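Computed from the coordinates by the stated procedures, all read-outs in this text should not be read as laboratory data. Since the structure is predicted, the reported quantities are computational estimates derived from the model, not experimental observations. No Cβ is skipped: glycine too gets one built from the backbone with ideal geometry, and neighbour counts run over all protein chains shown.
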Amino acid sequence: MSDAKILLGGNEYELPTITGSEGEVGIEIRSLRKVSGAVTLDEGYGNTGSCKSAITFIDGEQGILRYRGYPIEEVAEQCTFVEVCYLLIYGMLPSADELASFSESLTRHTLLHEDMKKFFEGYSPSAHPMAILSSMVASLSTYYPESTDANLDLNILRLLAKAKTIAAFSYKKSIGQPFIYPRNDLTYTQNFLHMMFANPAEPYEVPEVFDHALRLLLILHADHEQNCSTSTVRMVGSSEADLFASISAGINALSGPLHGGANQKVMEMLRRIRADGSNYKKYVEMAKDKDSDFRLMGFGHRVYKNFDPRARILKAAANRVLEELHLDDSLLDIARALEEVALQDEYFVERKLYPNVDFYSGFLYRAMGIPTDMFTVMFALGRLPGWIAHWKEMREDPKARIHRPRQIYIGEAARSIPPRDKR
Ligand code: CMC
């Protein structure tokens, strides 16, 4: 693609362009301020590329999502979550030996340092598990400082392995049960479910259907290029803050209701509709009303303008799992009805608002017995390899610079402090 030209104040400036491997075109504006004095303004970064990345490709118009070139549908069908972690972080699917060694290391690092258990005692019993997760992940750096490049890979393993133990322990703390330690004979997903649902009085045999559903959920959440939390991880990591500090910041960014926190809000919204006589049409009207701040949670996406491929897969999986378990879920009926009405409504059609990944994921979590306030933690566990992959990609880029955007100042012009009484 030839250079782009900008006309500004009667002057013409040429700017280089860059074309990505899928034909995406970007205009490099780095030199613009130097030559013209102007910066670009793009609030919310809807049209700004913040980096070059080889991890995940999304075409929002076509509903395409690929991890390292592999379509999400194939990855979801054929891979384990541990393979996806390896794929995202190291750029290729592991060989059998690599997978065996990676899985073994993950299993060996699942235990938390015993002293870390004391931290849980300090949290309020009503603490949100996302707040606990981010604090505990930040605390990992006090045990495992990143002193050399060699222990970087080790810290990646520790983080992937221990985050699920932290998540399960925070659940046990919230229900007042003793922590259940991981077992080395279990897989990554089985181990998490074991730590969540076993208790000293009752062993827990991980149902295969839950193991499969969890694998799918984690894989579908594993990466999504430059979203709010991943950009946060990159932003924090760009100052060369360590892995745990950067990921802890990403967890906090994910917690908001417009991002990962939406999965919890979807379930709360559906419960509210059910308590209100299941009058879902009223809520569609409220979502359209500009005088109301109500939004249909689990609808809309900054990038997907046709459909979210993850939502499609999850909707089918939720139907399958509930059928297999003979579970009747009245909230799922409301969700389906809401989707049907919204998809035909001019407001939603015009704005290209479709169910996103958060709309149906909660039904699978519910079926497994995972409580609503743990939903966003589940998203975080899935997103970990994506955050780590982006942090590592940036760390290894010799040209990476600290993130430091510009702004357009709209405050007061220079003025002097007026004379005041002596204090
Ligand atoms: N319900 C009703 N109206 C909506 C919704 C919604 N869920 N989402 C967007 N709109 C309207 C919005 O009011 C605006 O209308 P208008 O043009 O008349 O002002 C228009 O659609 C464009 O919305 P926007 O807020 O400018 O879009 P955005 O790209 O900034 O926001 C979003 C994307 C996901 C934050 C937004 O769609 C939303 O708030 N959805 C509900 C929360 C949600 O489900 N979040 C999870 C996102 S997917 C998981 C993840 O990656 O985090």
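The simple Förster model, with R0 at 25 Å and r as the Cβ-Cβ distance, assigns K117 and E324 a FRET efficiency of 0.10. For A400, the amide hydrogen comes within under 5 Å of no other amide hydrogen, counting only partners 5 or more places away or on other chains and with H modelled in the peptide plane.
Scalar couplings 3J(HN,Hα) for segment 195-202, obtained by applying the Karplus form with A = 6.51, B = -1.76, C = 1.60 to θ = phi - 60°, are 5, 6, 10, 6, 8, x, 8, 8 Hz; x denotes Gly and Pro.
Consider all pairwise Cα distances in segment 97-149 and report the whole-number % of them above 18 Å. Walk me through the numbers before you get to the answer.
Working: 682 of 1378 pairs.
The proportion of pairs with Cα distances above 18 Å equals 49 percent.
Annotation: amide H-H contacts under 5 Å for G261 (H modelled 1.01 Å from N, sequence separation of 5 or more, or interchain): G256. As a rough guide to protection, the peptides 181-194, 22-35 ranked by mean Cβ packing within 10 Å, highest first, stand as 181-194, 22-35.
Counting only residues at least eight positions apart within a chain, or on another chain, the lysines with an alpha carbon under 24 Å from that of K34 are K5, K52, K399.
Think of segment 313-423 as a dipole: +1 on every Lys or Arg Cβ, -1 on every Asp or Glu Cβ, centred on the Cα centre; then among T372, I417, W387, I417 lies furthest on the positive end.
Restricting the GluC sites (Glu not before Pro) of segment 169-238 to loop positions (DSSP other than H, G, I, E, B) with no more than 10 neighbouring Cβ atoms within 10 Å leaves E205.
Phi-derived couplings, Karplus 6.51 cos²θ - 1.76 cosθ + 1.60 at θ = phi - 60°, listed residue by residue for segment 236-251: 5, x, 5, 8, 6, 5, 6, 4, 5, 5, 5, 6, 4, 5, x, 4 Hz, with x used for Gly and Pro. Cα gyration tensor of segment 45-101, axes a ≥ b ≥ c as square roots of the eigenvalues: rounded (a/c below 1.5), prolate (a/b > b/c) or oblate? Oblate, because a/c is 1.5 or more while a/b does not exceed b/c.
If you put +1 on each Lys and Arg Cβ and -1 on each Asp and Glu Cβ, how big is the dipole of segment 56-402 around its Cα centre, in Debye rounded to 20? List each step's numbers first, then the result.
Working: 37 positive and 46 negative charges, 153 e Å.
Value, rounded to 20: 740 debye.
For F299, the residues whose modelled amide H falls within less than 5 Å of its own, excluding neighbours fewer than 5 places apart on the same chain, are N356. Where q = 0.15, 0.19 Å⁻¹, what log10 of I(q)/I(0) comes from the Debye formula for segment 1-150, counting one point per Cα? Scattering profile of segment 1-150, log10 relative to I(0): -1.05, -1.19. Computed from backbone phi with θ = phi - 60° and the Karplus coefficients 6.51, -1.76 and 1.60, the 3J(HN,Hα) list for segment 89-94 is 6, 10, x, 8, 5, x Hz; x is used for glycine and proline.
Starting from the Cα gyration tensor of segment 304-395, take the square roots of the eigenvalues, sort them a ≥ b ≥ c, and report rounded, prolate or oblate (rounded when a/c is under 1.5, otherwise prolate if a/b is larger than b/c, else oblate). The shape class here is oblate.
What is the projected area of the convex hull of the Cα atoms of the chain, averaged over all directions, in nm²?
Here the figure is 28.2 nm², rounded to one decimal.
Largest first, the extents of the alpha carbon coordinates of segment 241-361 on the three principal axes equal 49, 41, 29 Å.
Rounded to the nearest 500, the helix-only mean residue ellipticity at 222 nm of the chain stands at -16000 deg cm²/dmol, with each DSSP H run of n ≥ 4 adding -39,500 (n - 2.57).
Considering the chain as a Gaussian network with a 10 Å cut-off on Cα pairs, which listed residue, A163, A241, A389, attains the greatest mean-square fluctuation? Per the Cα network of the chain with a 10 Å cutoff, A241 tops the list.
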